[in-house]
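Have a look at the structure below before the remarks.
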Amino acid sequence: RCWFGKWGASVDLTFRPFPSPSHKGFRQRFSTQEQPPQICVVGSGPAGFYTAQYLLKHHPRAHVDIYEKQPVPFGLVRFGVAPDHPEVKNVINTFTQTARSARCAFRGNVVVGRDVAVPELRAAYHAVVLSYGAEDHRALEVPGEELPGVFSARAFVGWYNGLPENRELAPDLSCDTAVILGQGNVALDVARILLTPPEHLEKTDITEAALGVLRQSRVKTVWIVGRRGPLQVAFTIKELREMIQLPGTRPILDPADFLGLEDRIKEVPRPRKRLTELLLRTATEKPGAEEAACQALASRAWGLRFFRSPQQVLPSPDGRRAAGIRLAVTRLEGVGEAARAVPTGEMEDLPCGLVLSSVGYKSRPIDPSVPFDAKLGVIPNVEGRVVDVPGLYCSGWVKRGPTGVIATTMTDSFLTGQMLLQDLKAGLLPPGPRPGYAAIKALLSSRGLGPPVSFSDWEKLDAEEVSRGKDAGKPREKLLDPQEMLGLLGR
């Protein structure tokens, strides 16, 4: 039992074990006619919003509170999607409709695990869904990784997309060559942003600070390095096409990497086959006269380096910054997507002044009370039900690992929502009324924390961003400083 305020008002937050479904009168006592189910979602990216959308659509009385650590919603749609891919951000319109529902509330600027604990949420709500994504990056774990000039691709993306924690990144782009380690879509996004003529980015929602740095960039060549071969790349054909068609650039692919591939791709699934055929054509076919003329005039280049694994970031002579990367030459054991890269013993040094690590995102544990598989970087679950913790669920990357696109997350989140509603119907969630946000509001207040940012607050910030962008002919100029955001809301 927690006491708040000088008047001693109390909210009972004792977490009691659930009676079993066979307990006499269990189902009768938990009737949704008495009180609508109070559900809490942690994280307002695609997983959080799709889970909320499913619950609101399929239960006519459910109330959903979405908690978010940033003062602004939409997670990786806002902070991860490349600024030159505005069409991907259209899902924000759907999420906005969900947030405006009378049965949904956005609670921004609340850090679950710090401002409020997961057991406190579980005591206040009938069910809690953890959808907080993968907030960290996988380390390279090689010597020299800590040198200036080495960044995670996640931080670099956060920097040009206006993620508050990355606004001070200040990458030095005065070098000639950049190396990106990893061959997924994020690696190609980063390469594309580094090589796109800045005037092509001026009308996007890239931050003005990032645009200023990119205008001064001297990066002419970007190598995108992978441990395995062309048949194992993790990017998709759309992103590859964009790289091939990037104005003012030419691709560098070694035809030797593609020897014997034509026969081997006959058996692979169609998407992989089409992707590999495009790589093969780009590497081996002579470009037409027009294309060859464009490539001859190109001042910038990008290349895919296969069968190379990072061993060490090499320092400059004074030891003060990155000046290259040592790569182990690898060969494949096994076939297809399951093939493993093993070192041959040969090494190769690649000079560069910028190293971006794009070897994957990873989730962090949120609270000691929540099981977490550190090796896989996920919350152990069965179809979204957290193992051994009734009433606790997860969706998105923290459920299945950092893979797939927004559509994958949608399907995955709908499945979690479905499991939750099945459990509700079967009487497996805690019985009786739950205070929901009223209890959390009292807790936050007792800890001296201001009220969360509401969705209507966000809409004021949104209007401010759009207004600032208008002057520059951009869709918006993102606010970068949470304190400035709160100041604009009169906090």
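The values are calculated or read from the model by the stated rules, or taken from the named source; none is laboratory data. The shown structure was predicted, so the numbers you read here are calculated from the model rather than taken from an experiment. Don't worry about glycine lacking a Cβ; one is built from the backbone with ideal geometry, like all the others, and counts go over all protein chains shown. Note: accessible area is taken over every heavy atom of the protein model, side chains too, but ligands, DNA and RNA are not part of it. Shrake-Rupley method; radii C 1.70, N 1.55, O 1.52, S 1.80 Å.
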Longest principal axis of the chain (C-alpha) makes with the long axis of helix 270-284 (C-alpha) an angle, in degrees to the nearest 10, of 30
Shape category assigned to the stretch 139-359 from the gyration tensor of Cα positions, a/c cut at 1.5: oblate
In whole Hz, with x marking every Gly and Pro, tabulate ³J(HN,Hα) for the stretch 74-84 from phi via Karplus 6.51 cos²θ - 1.76 cosθ + 1.60, θ = phi - 60°. 5, x, 5, 5, 7, 9, x, 5, 4, x, 8
Using the Cα centre of the stretch 367-410 as origin and beta-carbon charges of +1 (Lys, Arg) and -1 (Asp, Glu), tell me which of 403, 379, 393 is placed farthest towards the positive end of the dipole. 403
Angle check, please: helix 46-58 long axis (alpha carbons) against the longest principal axis of the chain (alpha carbons), in degrees 0 to 90, nearest 10. 40
Please list, ordered by chain and number, the residues whose modelled amide H lies under 5 Å from the amide H of residue 308; skip anything fewer than 5 residues away on the same chain. 226, 227, 228, 330
For q = 0.12, 0.16 Å⁻¹, what log10 I(q)/I(0) does the stretch 347-491 give under the Debye formula with an equal point scatterer on each alpha carbon and no solvent? -0.88, -1.18
Taking residue 57 as the anchor, which lysines have their alpha carbon closer than 16 Å to its alpha carbon, excluding any fewer than eight residues away along the same chain? 425
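Express the accessible area of the chain per residue in Å², computed with a 1.4 Å probe while the remaining protein chains stay in the model. Each step should come with its number before you reach the end.
Details: 22410 Å² over 491 residues.
Heavy-atom SASA per residue in the chain reads 46 Å².
Given charges of +1 on the Cβ of Lys and Arg and -1 on the Cβ of Asp and Glu, with all other atoms neutral, how large is the dipole of the stretch 233-337 about its Cα centre, in debye to the nearest 20? Walk me through the intermediate numbers first.
On the way: 18 positive and 14 negative charges, 56 e Å.
The dipole magnitude comes to about 260 debye.
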Using the Cα centre as the reference, give the magnitude of the dipole from point charges on the C-beta atoms of the stretch 144-299 (Lys, Arg: +1; Asp, Glu: -1; all else neutral), rounded to the nearest 20 debye. 520
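Calculate what fraction, in whole %, of the accessible area of the chain sits on carbon and sulfur atoms when a 1.4 Å probe is rolled over the protein chains.
On the way: 11920 of 22410 Å².
Of all accessible area on the chain, carbon and sulfur atoms account for 53 percent.
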Residues whose modelled amide H sits under 5 Å from the amide H of residue 453, counting only those 5 or more places away in sequence or on another chain, are 108, 109
Could you list which residues have their amide H under 5 Å from that of residue 386, counting only those 5 or more apart in sequence or on another chain, with H placed in the peptide plane? 392, 393, 394
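Of the listed peptides 130-140, 172-182, 352-362, 264-274, what is their order by residue-averaged count of other C-beta atoms within 10 Å, with the highest listed first?
Values: 130-140: 21.8, 172-182: 20.1, 352-362: 23.6, 264-274: 12.4.
Peptide ranking by packing, descending: 352-362, 130-140, 172-182, 264-274.
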Ordered by residue, what ³J(HN,Hα) values in Hz, to whole numbers, does the stretch 356-371 give under the Karplus form 6.51 cos²θ - 1.76 cosθ + 1.60, where θ = phi - 60° and Gly and Pro are x? 10, 8, 10, 9, x, 9, 8, 7, 10, x, 9, 6, x, 7, 9, x
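For the chain, report the translational diffusion coefficient in µm²/s to the nearest whole number, using Stokes-Einstein at 20 °C, 1.002 mPa s, and a Kirkwood Rh over Cα pairs.
Working: Rh = 24.7 Å.
Once the numbers are plugged in, D ends up at 87 µm²/s.
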In debye to the nearest 20, how big a dipole does the chain give about its Cα centre with +1 on each Lys and Arg Cβ and -1 on each Asp and Glu Cβ? 1480
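Considering every Cα-Cα pair within the stretch 123-198, what fraction, in whole percent, is farther apart than 18 Å?
Numbers: 1471 of 2850 pairs.
I get 52 percent for the Cα pairs in the stretch 123-198 exceeding 18 Å.
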Straight-line reach check, residue 399, cutoff 21 Å on alpha carbons, 8 or more apart in-chain or any other chain, hits among lysines -> 69, 362, 375
In degrees between 0 and 90, to the nearest 10, how far off the longest principal axis of the chain does helix 437-446 point, with axes built from Cα atoms? 80
